[in-house]
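Since every read-out is calculated from the coordinates, none of them should be taken as a lab result. Everything numeric here is computed off the predicted structure, so don't read it as measured data. Cβ placement follows ideal geometry from the backbone for every residue including glycine, while neighbour counts extend to all protein chains displayed.
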């Protein structure tokens, strides 16, 4: 009030306070107080479409790192007398001929320590983010399926001579999964539209920053991974009521591991 040149005095009895102003300034003082309350009133945040149960994303990340590490060691030693790279990489001709398992096995192969470290780091980061809202089991089952589908789509869109390896498709499928789930679940819902598309913009920005790389980067696989993962994230909002279940998480996690193992045993023909 003093800053508005309205003489005033604050009186309090310990329970409540009143502002005393001259009679001729009363209406102006009431208006100024009302205006202050309007400007400082907190806007009610719109309710999210779903309320996620925060879960532990660590187990899924640990298993992911263990799996790609084991495959790296076995492939490096040529275990079972097989060339893991030749039987497990994405191969446009052979996938078209029915060798579906390559869309999964290629996710666990890497071209060197730098390639491995990059996918391990970003995979752990995005996997932890997804695991926190979707749980470890559901996250990694969704990622395995989504990135396998993405590899298939990318291969069919390119020439049959296309060859590729690496977990980066899975990494960006995980990023897309988070973006799609957060956007469709309206976990960042605000009054203004820029906030509502924030998860999409953030996901695309990370894709552009980390997924384009150099001439050897398979940009198509990264983009397909993100897009398929994004739609998988939207699907997760539809079935979310089942996701927090411990039984669902465990079953999903075991199924994800089974798919990878089955794909590799098929590739290596271990039953022959």
### Query
So how do 247, 30 line up by other beta-carbon neighbours within 10 Å, fewest first?
247, 30
### Message
Taking the beta-carbon count within 10 Å as an exposure proxy, list 129, 236 from fewest neighbours to most.
### Response
129, 236
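Contour minus end-to-end for residue 158 and residue 100, with contour as 0.36 nm per residue of separation and end-to-end as the Cα-Cα distance?
Contour length minus Cα-Cα distance gives 19.3 nm.
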### Summary
On the formula 1/(1 + (r/R0)^6), with r taken between the Cβ atoms of residue 248 and residue 86 and R0 of 45 Å, the FRET efficiency rounded to 0.05 is 0.75
### Message
Run the simple label-point estimate for residue 239 and residue 25 please: 7 Å along Cα→C-beta, distance reported in nm.
### Response
6.7
#### Entry: Mean Cβ count within 10 Å, highest first, over the residues of peptides 102-108, 237-243, 219-225
102-108, 219-225, 237-243
### Task
Could you list 264, 140 in order of exposure, starting from the residue whose Cβ has the fewest other Cβ atoms within 10 Å?
264, 140
#### Entry: Bins of 5 Å from zero: percent of alpha-carbon pairs in segment 58-268
1, 8, 16, 20, 20, 16, 10, 5, 2, 1, 0, 0, 0
